[in-house]
Amino acid sequence: AKGSGRVLLFPGSVFQLFVQDRFERSPRPQNVASSETFTRLYNVLGAGVIFEPFSDAMTFKLAYDYARDIFEDNDKGNSAEHSVGLSAKWKFFPKTQVFFDARGSMHEYDEATIASDSTPVRASTGLNGFLTKRVFFLLGGGYGTTLHKEGASYSNYLANAMVGYVLTDMLTIQTAYS
């Protein structure tokens, strides 16, 4: 079962506020002979502010999310995550924009037996839009790191590339690399 909702206050104004929630109950199949199930409850509650000083040509968004991942029958994998994100986009042609996105999180497990707590951080920037009325693209790059409390952390460059073609108003073809 999945559900989500979002409330946007002051739509169309220079400053907008939003509150959103996403919930999922997911039965995961077990891979071992056991009476335990791996059904989990995942909920993300978030809020933020959107600043659009020049209509939607330039947009800045600051957001906070609190996520909780709870297993129904086994509490060893339960975790919580606090995330803060900042994004910006500038539309300089009607269908082309430059974007920036940065996010930092604190991911903590209720019990340290499953995995190490971490503080993932990532930032990326890029360009997306249309080259013609039918050909669209996305090019982006950045850097990310996991900053684990114990053990090895993962750090590397991030890259995204995508190109697509609009066949009809209802059908597109695209290929991507991430």
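Ligands, DNA and RNA excluded, the heavy atoms of ARG25 present near 100 Å² of accessible surface to a 1.4 Å solvent probe.
Normalised radius of gyration (Cα atoms, divided by 2.2 N^0.38 Å) for segment 95-144: 1.78.
Rounded to the nearest 20 debye, the dipole magnitude of the chain is 920 debye, with +1 charges on Lys and Arg beta carbons, -1 on Asp and Glu beta carbons, and the Cα centre as origin.
Ranking ALA115, SER13, GLY46 by how far each Cα lies toward the positive end of the dipole of the chain (charges on Cβ) leaves SER13 at the top.
Across LEU127, LEU86, the residue with the most accessible area heads the list, and the full order at a 1.4 Å probe is LEU86, LEU127.
Dipole orientation for the chain: of the candidates GLY151, ALA57, PRO27, ALA57 has the Cα lying most toward the positive pole (charges on Cβ; Lys, Arg +1; Asp, Glu -1).
Rounded to a whole number, what % of the accessible area of the chain do carbon and sulfur atoms account for, probe 1.4 Å?
After summing per-atom areas, the C and S share lands at 63 percent.
Per residue, the chain exposes 66 Å² of accessible surface when a 1.4 Å probe is rolled over the protein heavy atoms with every protein chain present.
The values are calculated or read from the model by the stated rules, or taken from the named source; none is laboratory data. All values reported here derive from a predicted model rather than from experimental measurement. FYI the Cβ positions are ideal-geometry reconstructions off the backbone, even for glycines, and counts take in every protein chain you see. Heavy atoms of the whole protein, side chains included, go into the accessibility calculation; ligands, DNA and RNA do not. Shrake-Rupley method; radii C 1.70, N 1.55, O 1.52, S 1.80 Å.
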